[in-house]
């Protein structure tokens with residue numbers, strides 16, 4: 001029987017993703033840096049607040065975030081753990097509807113406004129069409145989350161980012177999967193006058209063949225596709241009912257389980 005392990009696309013064992021909230025004008029500069037480094041980010045938008053203060057206008061969103069993910073952040077950014085269930089449902093569903101009407105794409109991700117969440121909210125989210133939700137509680141590690149509705153990032157960009165970047169790049173045990181997940185608000189770079197921090201990060205972390213650069217949704221969708229794989233009892237082949245490929249380490253081989261196909265795992 002083959003020893004079969006999930007890998008990231010093309011056999012990679014590391015992934016980098018970023019997540020930034022509120023849809024503010026400073027995102028434009030951040031996006032230029034991400035694009036130059038080949039990085040991908042998820043940007044969480046309050047559709048009901050677009051155009052207010054320094055937030056991007058509704059008509060700017062699609063062009064600004066092209067190549068990245070637009071995700072929900074509730075319609076008006078309330079502290080949702082204090083809200084009635086009816087308001088929670090309206091805040092999330094209305095935000096999704098508004099963003100989906102702009103992008104023409106399903107909006108399946110969320111970041112908790114003010115970091116506010118509880119068990120009631122986490123249990124409700126799947127019924128509202130949400131596949132994952134990011135918290136503000138950094139754990140400082142490179143672990144893969146075991147609870148997508150309480151997806152804790154590695155660190156805020158102000159929390160030893162350069163040090164954590166070097167630690168991540170040095171990881172080489174291929175029996176593990178590693179994730180570097182950075183979050184924040186782009187207006188903080190203006191406020192703290194430290195754009196050079198994220199500039200250096202993008203230059204340092206980008207361009208590595210062993211790293212998969214992905215949005216939040218791409219990561220979640222990939223793990224869901226792995227969970228849907230149908231393995232033979234003898235582990236000598238696998239059927240992938242999903243559209244997208246899933247990559248596996250089968251013994252000493254890297255195998256692409258293509259969507260809609262049966263793939264041999266032995267021989």
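None of the figures in this text is laboratory data; all of them are computed from the coordinates on show. From a predicted model like this one, the values you see are computed outputs, not experimental measurements. Ideal geometry is used to build each Cβ from the backbone, glycine not excepted, and the neighbour counts take in all protein chains shown.
Listed values, structure above:
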read-out: Theoretical FRET efficiency, 1/(1+(r/R0)^6), r = Cβ-Cβ of residue 94 and residue 52, R0 22 Å, to 0.05; value: 0.85
read-out: Computed E for residue 192/residue 10 - FRET, C-beta separation, R0 22 angstrom, nearest 0.05; value: 0.05
read-out: Inter-probe distance in nm under a simple model that places probes 7 Å from Cα toward Cβ, at residue 200 and residue 35; value: 2.6
read-out: Alpha-carbon Rg with Dmax, taken over segment 148-251, Å; value: 17.5, 58
read-out: Span from the segment 161-206 Cα centroid across to the segment 1-80 one, whole angstrom; value: 15
read-out: Nitroxide proxy distance, nm - points 7 Å out along Cα→Cβ at residue 160 and residue 176; value: 1.5
read-out: Förster-model FRET efficiency, 22 Å R0, residue 258 and residue 228, C-beta, rounded to 0.05; value: 0.95
read-out: Between helix 195-205 and the chain: long-axis angle, C-alpha atoms, 0 to 90°, nearest 10; value: 10
read-out: Where labels lie 7 Å past Cα in the beta-carbon direction, separation of residue 209 and residue 236 in nm; value: 3.4
read-out: Using alpha-carbon coordinates, inclination of helix 27-37 to the longest axis of the chain, degrees; value: 20
